[in-house]
Amino acid sequence: MTNTALETPSVTPGQMQVSDEVAISIENMNKWFGSFHVLRDIDLTVYRGERIVIAGPSGSGKSTLIRCINALEEHQKGRIEVDGTVLSSDIKNIDAIRSEVGMVFQHFNLFPHLTILENCTLAPIWVRKTPKREAEETAMHFLEKVKIPEQADKYPGQLSGGQQQRVAIARSLCMKPRIMLFDEPTSALDPEMIKEVLDTMVELAEEGMTMLCVTHEMGFARQVANRVIFMDQGQIVEQNEPEEFFNNPQNERTKLFLSQILGH
Amino acid sequence: MADMHAHSVRFVRETMLPQAEPPTTERGIVKWMRENLFSTIPNGILTLAALWCIWWLISSVLPWFANGIWDAPSIRACREILEGQVGGCFAVLTERWNQLLFGFQYPSELYWRPSLAFLLLFIAIAPVLFRKRFPAQMLVFTAIYPFLAYWLTWGGSILVPVFAALGFVAGYMVYSRLVAQSFAMGFFGGILAALVFWWVIGIVPTEGIIALEPVASRNLGGFMLNLILGTVCVSLSIPFGIALALGRQSDMPAIKWICIIFIEFVRGVPLITLLFVANVVLAYFLPPGTNFDLILRVIIMITMFASAYIAEVIRGGLAALPKGQYEAGDSLGLDYAQSMRLIILPQALKISIPGIVNVAVGLFKDTTLVSIISMFDLVGMIRGPILASTEWNGVYWELLGFAALLFFVVCFGISKYSQWLEQELSTDRR
């Protein structure tokens, strides 16, 4: 498990290491919803330890892109390789990739009939066949990491939105994933709660997790991303390091988008 | 006022007033009645009318109960004792008690067997209904119970239910071996293994080995028959209903269409026609000489009928779950069976409880329909042997009221249990 990185002391963003090892490689990927061409010729290579923020107007296909990576959406053309495994329609292959790739959703998607602790131990126990005690210890470790160990015996419905999202992050981490996908993790939260979730994500980034985040939080992008990708109409329009991306956008569509979200 | 100066504001209290009772119109029952029963003139009139109705009901029914005759050999004897007074002839209940409960052909010296099975039923279902209150080990007894109850009720050699149980065990063992490769292989392999086991073991003579006196299916009757049909069909139709509901959502077109056709066909047909099919028509399709037990045929038909309804109820529950729940399960790497069992079904079934209970209560009452295909269940007993007898011809109120009471007790119990269960499972309280 490479997530021993999580136990290492935090480092400043400048020191964060990006290795040459490829975590995800997407080649010439296309996807259609019916006759709607939602993703067009996507080429993207993500190196281990990279923190990528994907931005773009709604309907630009950014969520669909990261949902293709763990096969929540099926792509029709092209090749996706995650952690050395090529995504095929074989269900075993898909389940193997999913257990290595954590995902955090906009609407948390916690299991409301299970306690916080049970939410976190479910997949380790059933997918990884971890003994219950060990799974619970791991779960408590990550709940402490997201700063809500005291809520372990409550049900998701009893927690605030920000707390729920932090539980969702802990739940993903309990599977000790090598890659984390974030699908607009703060879009459904009150402004006050956005910060607590972002803090958790920043901490995770500092520990060297490979992260792909679809988000509109440009402050977060500046702080932790080492690459920002801008998408429009199902295509990657521009990608660059955050400083360059925000200060010196090249594409007209990017300029318009940035002027709209940063201009107020 | 007179001793006070007009402009003086000086006042000193010399004696403190004790606390006084409020006026009678603002106190206790009077106040309550004024507020709830006689707040306006129309409400007052309605209250009086309601009181009159209640009085009329009680005054006419109470003597009927109070004068009721509990000990008489026939309705004529009842009438003689009453001498024209109003009164129920409950003697029919005491005199025909065993017939009402067990039917008129079950050997009376064997009544203890179904009675014991009935008592054991409570032990068997307790750990299922109240999972947190009873140890999980009791579920072992629950698994044994169906075979034990069969043996107690129908009698015969103990080897028959033991072999039946072993067939299930064999099927399960093959299933658990093969399921790692694929669910379908495990499923069909398990069924095949069980069938082969039963076919092979069928050669073994079972006659007389640890045998209870056998009782034929046609000799079962009374409320016992309703209870057997009700419990067996409810407990079978829930798993079948779940399977049908999941099948209807399946991505595999063959399974999906089989489930849709089954559900739509069975739901579109009256239960009574299915029962007639079970009774009469099936005999034409079976090879001559096969003796396919009538109760088994009826159980199959009622189970089919109820599982189609339960499938639709559960489909509603499945549809009510947000898509995110499926995606969260998928994204954690749970396979289909795991995410259904651990995430989707617990939530979908919880939503479906009121609907499932609705079907279960309806099904239990519908077991009385078997009286139409000349089986002597509780209603069949009343309409047939009891009312047709010369002694008790004409005792409608007492008998049918008793039947209604028995069904009410069971159905009300089911309904109360479901309300409790919904409370127990709710996790959104703060």
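The values are calculated or read from the model by the stated rules, or taken from the named source; none is laboratory data. Because the structure is predicted, anything quoted here is derived from the model rather than measured. For neighbour counting, all protein chains shown are included, and Cβ atoms are generated from backbone atoms with ideal geometry for every residue, glycine included. Heads up: the accessible areas ignore ligands, DNA and RNA and are worked out on the full protein's heavy atoms, side chains in. Shrake-Rupley method; radii C 1.70, N 1.55, O 1.52, S 1.80 Å.
A few comments on the model shown:
- Full-stretch length increase - B:GLU14, B:ILE125 - with 0.36 nm per residue and alpha-carbon distance subtracted: 32.6 nm
- Between helix B:138-154 and chain B there is an angle of about 70 degrees, using the helix long axis and the longest principal axis of the Cα atoms.
- Leaving ligands and nucleic acids aside, the B/A contact buries around 2100 square angstrom of accessible area in total at a 1.4 Å probe radius.
- For the protein assembly as shown, the dipole from Cβ point charges (+1 on Lys and Arg, -1 on Asp and Glu) about the Cα centre works out to 1360 debye, to the nearest 20.
- Most positive-pole-ward Cα, B:VAL30, B:LEU294, B:VAL9, against dipole of the protein assembly as shown from beta carbon charges: B:LEU294
- Lysine pair count for chain B (Cα-Cα distance under 18 Å; residues 8 or more apart in sequence or on different chains): 5.
- Residue (of B:MET185, B:THR303, B:TRP112) at the positive-pole extreme of chain B, dipole from beta-carbon charges: B:MET185
- Straight-distance candidates among the lysines for linking to A:LYS145, with alpha-carbon spacing under 18 Å and chain neighbours fewer than 8 residues away dropped: A:LYS154, A:LYS176, A:LYS195.
- Loop-located trypsin sites (Lys or Arg not before Pro) in the range B:1-100, at most 11 other Cβ atoms within 10 Å (DSSP): B:ARG10, B:ARG13, B:ARG27
- Taking A:ALA168, A:ALA55, A:ALA23 in turn, the Gaussian network model of chain A (Cα-Cα springs below 10 Å) assigns the largest fluctuation to A:ALA23.
- Alpha-carbon Rg/Rh ratio, for the protein assembly as shown, with Rh computed the Kirkwood way: 1.12
- Using only the C-alpha atoms, the convex hull of the range B:1-72 corresponds to 203 Å³ per residue.
- Rg then Dmax, both in Å and based on the Cα atoms of the range B:28-67: 13.6, 40.
- Per residue, the accessible area of the range B:156-212 comes to 67 Å² when a 1.4 Å probe rolls over the protein heavy atoms.
- Of all DSSP bridge pairs formed entirely within the protein assembly as shown, close to 55 percent run antiparallel.
- Across the range B:318-331, computed HN-Hα scalar couplings (Karplus, 6.51 cos²θ - 1.76 cosθ + 1.60, θ = phi - 60°) run 5, 5, 6, 6, x, 4, x, 5, 5, 5, 4, x, 4, 5 Hz from first to last residue, x flagging Gly and Pro.
- Springs between Cα atoms under 10 Å define the GNM used for chain B, and in it the highest mean-square fluctuation of B:LEU166, B:LEU332, B:LEU321 occurs at B:LEU332.
- In the range B:388-430, burial by the other protein chains removes 40 Å² or more of 1.4 Å probe accessible surface, compared with the chain on its own, from B:THR427, B:ARG430.
- Modelled spin-label separation between B:PHE134 and A:TRP32, with each label point placed 7 Å from Cα along the Cα-to-Cβ direction: 5.7 nm.
- Highest-fluctuation residue, B:TRP70, B:TRP32, B:TRP112 considered, GNM on chain B with Cα pairs under 10 Å: B:TRP32
- Whole-Hz Karplus values for the range B:249-261 come out as 8, 5, 7, 8, x, 4, 5, 4, 6, 4, 5, 4, 5 Hz, taken residue by residue from phi with 6.51 cos²θ - 1.76 cosθ + 1.60 and θ = phi - 60°; glycine and proline positions read x.
- Centroid-to-centroid separation of the range B:379-430 and the range A:44-76 [C-alpha atoms, Å]: 60 Å
- Sites excluded, GluC sites (Glu not before Pro) in DSSP loops with at most 11 other C-beta within 10 Å, longest stretch of chain B: B:208-430
- By the helix-only formula, in which each DSSP H run with n ≥ 4 contributes -39500 (n - 2.57) and the sum is divided by residues, chain A has a 222 nm mean residue ellipticity of -11000 deg cm²/dmol.
- Of the residues in the range B:312-351, those shielded by at least 40 Å² of accessible area once partner protein chains are present, compared with the chain alone at a 1.4 Å probe, are B:GLN325, B:GLU327, B:ALA328, B:ASP330, B:SER331, B:LEU332, B:GLY333, B:LEU334, B:GLN338, B:LEU342, B:GLN347.
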